[in-house]
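Peer 1: Structure in structure tokens, see below.
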Amino acid sequence: MRPYETVIIFDAQAEDTAVNAVLDRGLEALRTRGGTPGRVDRWGKRAFAYEMRHRREGYYVLVEFSAEPAAAAELDRFLTLADEVLRHKIVRIPDAAVGHRRSGRPAPAPPLPAPPQPAASAPATAEAG
């Protein structure tokens, strides 16, 4: 199973019961395909930087889950068809970042490239004069 997260933007005018129903059906679709839902973090209403589908704000929800690629594709299909969802994005979490996300520590930065080594020069010879 691979770790994923998705941010879902719901229509801000949608009822809370409708948002909860879509989330429950989406997580159930994930479970039926063998996925394991994780943390569901409700960010609440936020203003958009630009108008989207004639709306100025949306209700944001972050969902973390573990699943096979087929289950993630099924969740993507379900969210695409849901009328209450304005936009969503599913992202696979890299394996190197999984342990750090759970511990709350930031992932280590990738190593910097080695500095260039000076070119080897010919040994200096002393000329007698």
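The values are calculated or read from the model by the stated rules, or taken from the named source; none is laboratory data. Just so it is clear, the model here is predicted, and its values are computed rather than measured. Counting neighbours? That spans all protein chains shown, and the Cβs are built from the backbone with ideal geometry, glycine included.
Peer 1: With (1) assigned to a strand (DSSP E or B); (2) among the aromatic types (Phe, Trp, Tyr); (3) in contact (Cβ under 8 Å) with a residue 24 or more places away in the chain as the list, and Phe78 as the residue in question, which single condition is left unmet?
Peer 2: Exception for Phe78: condition (1).
Peer 1: Are any residues in the range 26-54 at positive phi, among the small types (Gly, Ala, Ser) and touching a residue at least 24 places away in the same chain (Cβ under 8 Å), and if so, which ones?
Peer 2: Selection gives Gly34 alone.
Peer 1: Which ones in the range 1-25 are touching a residue at least 40 places away in the same chain (Cβ under 8 Å) and farther than 10 Å from Val61 by Cβ?
Peer 2: Met1, Arg2, Pro3, Tyr4, Glu5, Asp11, Ala12, Gln13, Ala14, Ala18, Arg25
Peer 1: Which count do you get for residues in the range 1-32 that are under 16 Å from Leu81 (Cβ atoms) and charged (D, E, K, R)?
Peer 2: Matching residues across the range 1-32 total 4.
Peer 1: Identify, by number, the condition in (1) over 26 Å from Ala97 (Cα atoms); (2) touching a strand residue (DSSP E or B) at 6+ places or on another chain (Cβ under 8 Å); (3) in a strand (DSSP E or B); (4) not hydroxyl-bearing (Ser, Thr, Tyr) that Val40 doesn't meet.
Peer 2: Single failed check for Val40: (1).
Peer 1: Hey, can you tell me all the residues within the range 82-129 that are at pLDDT 95 or above and in a helix (DSSP H, G or I)?
Peer 2: Passing the criteria: none in range.
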